[in-house]
Amino acid sequence: MTQSFRKTLLSASVSLAALIAAQEAMAQEAVFVMATNEVGAPTYNPIKATMLNTATGLIFDRLVSQAADLSFHPWLAESWEEAPDGMSWTFHLKQGVKFHNGEPFNAEAVKAWLELFKATESENTYMAEAIASVEVVDEYTVKFVMSRPEPNLLYNLSATFMGVVEPKSFVALGDDFGVTEVYGTGPYKMESFSIGQETVLVRNDDYTWGPEVAANHGPAKVERLTFREIPEDSTAFLELKTGGVDFLLSVPADLMGEVEKEANLAILTMPGQDVWYMPINVTKAPFDDIKVREAAAKAINQEEILASVFGGIGSVADTFLISALPESHVPDGAKIHYDPDRANALLDEAGWAMGPDGVRMKDGQPLKVSLWTQSDSIFRRLTEVVQAQLKAVGIEAEITTFDSSMIRDQYKTGEQQLAVRSYNWDNADIIDWFFGGDRLGYPNVSMFNDPKAEELRTAAMTGAKNMEERVKNFTAYHEYVLSQFPMAPIYQPVQAYAYNKDRIALPEKIDSSAFGASAFLDLEVKE
């Protein structure tokens, strides 16, 4: 064998090995696209953030996990006991857990985290406000002493906003925590974060303490995840179709048919946690008149929207809560349905007479209002239908479109009159979040601040000794809010995800309420 041939053979071997290594590395990576309602999250700090995204739940574990049937199961806490009077909870923690920066997870870390959570001025503090103090019983046992019973505590502890942060780095980094660096105990670590563009996560190879609801407790099977932020659904679909990305974390109903046409793509659906609705600013004329608010709400034809915009996929919304929650079961008379006769009669009573051009007039002024929406295609399409339905009762709405990542800042001005938006949450405390009088602008887009509502809100959030009382209190709060028409419910989608089935292998079972940490632990990338 000549020296030249040996060199050629060696070079070919090296090239083949490099190709195999590159293919293996590629197989261990996947690219995801954030849901449009998660675009623009400015931080991965769960204590301070008012919005978080799917990647957050991979950086931070929680004490408790929630299954698809909404029952609660161990995660960083192996077990727990509630005192009979609800005035204390004792949690027994998993051993051998470490934060991404090597700090130990133990009772002292839980105590420090919760004290920081309670002391930080943020919209999320309410989730721990019932915890009066935290006592370290031993290295892996912690006791929460309560100021009052909190029937919702396990739900709060399972929420992404209560992901357990590493306390020392949280203090040291200040406002940079969650932006330049971030440390949790989750199955993935943050490698890079470019606000409004993308987040790159790398696998935590030491991870072996995944939630009970996951088949794989760790490490995760995929080494590297990139989460791109694409505010336009049709653009995201094109990227999936052409192979630029592997997985869309949200697919609107109007694109599901397009996904199904592609031989290499598939759709996963899960029960929905979203409600699409039209907030009505109760402080801006003409909507400071409850008759006009009710008229606008009852001009919305939910059934028509379900059929024409969403292709019959999902269901209509007639309250502010997803129908799976018991607190959504208000009396039929409190539900908000399409009723054009009632809408027209109310506008007549309010002094708005129909004009010859189909726009109502009062005191020489036309009934013209602004209607805000965000830039992705499904919102624009829905908003155009809402605009037409309002016009049918004599309300002329002018659409203003904002970039999906910027519209929340616009809401904070309080200048909106009507808008079309959605939320994703599976607990009744979302009513408090979007209608609490101390959160005007955003998240309280409706600028709703009603004395009776605030009394009912207090009872709902803090006045229950057990879950039965909590459901009763929240149902009453929900019913009253609906009666004041600060919003019009529109639509309940399913959670729909689209993925490249030649690249992605989903777990056989996803036992959680959303596609989160348990699903990512079990997800695989095909060779």
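FYI, it's all coordinate maths here, none of it is from the lab. Please read these numbers as outputs of a predicted model, since none were measured by experiment. Heads up, the Cβs are rebuilt from the backbone with ideal geometry, glycines too, and the neighbour counts pull from every protein chain shown.
Results, tabulated for the structure shown:
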quantity	calculated
Axial C-alpha extent at least 20 Å, average Kyte-Doolittle at least 0.5 - helices from the chain (DSSP)	3-27
Extension gain from T269 to E303, taking 0.36 nm per residue of separation minus the Cα-Cα distance	10.1 nm
Simple label model, 7 Å out from Cα along Cβ direction - T180 to T125, nm	2.6
Percentage relative contact order, the chain, counting C-alpha pairs under 8 Å, at least six apart	20
Order by protection proxy (mean Cβ within 10 Å, highest first), peptides 76-82, 318-324	318-324, 76-82
Stretchable slack from I399 to E262, in nm (0.36 nm times residue separation minus alpha-carbon distance)	45.9 nm
Answer label, with Rg and Dmax of the Cα atoms in Å calculated from the coordinates and candidates [x] 41.8, 158; [y] 25.2, 101; [z] 22.7, 71	[y]
Gap separating the Cα centres of the stretch 345-363 and the stretch 442-480, nearest whole Å	34
Extension gain from D450 to L116, taking 0.36 nm per residue of separation minus the Cα-Cα distance	117.1 nm
Between the stretch 423-438 and the stretch 132-190, the Cα center-to-center distance that results, in Å	21
A324 paired with R148, simple spin-label distance in nm, labels 7 Å along Cα-to-beta-carbon	2.8
Amide N of the stretch 443-461 lying under 13 Å from the label point, which is placed 7 angstrom from the Cα of A476 along Cα→Cβ	452-461
Eligible aspartates and glutamates near K391 by straight Cα distance, threshold 16 Å, same-chain separation 8 or greater	E294, E304, D339, D341, D348, D357
Backbone N under 16 Å from the S234 label point (7 Å along Cα→Cβ), restricted to the stretch 257-294	257-259
Q365 versus T141: modelled label distance in nm, points set 7 Å from Cα along the beta carbon direction	6.7
Pairwise centroid distance, computed over Cα atoms, of the stretch 223-265 with the stretch 311-325, Å	24
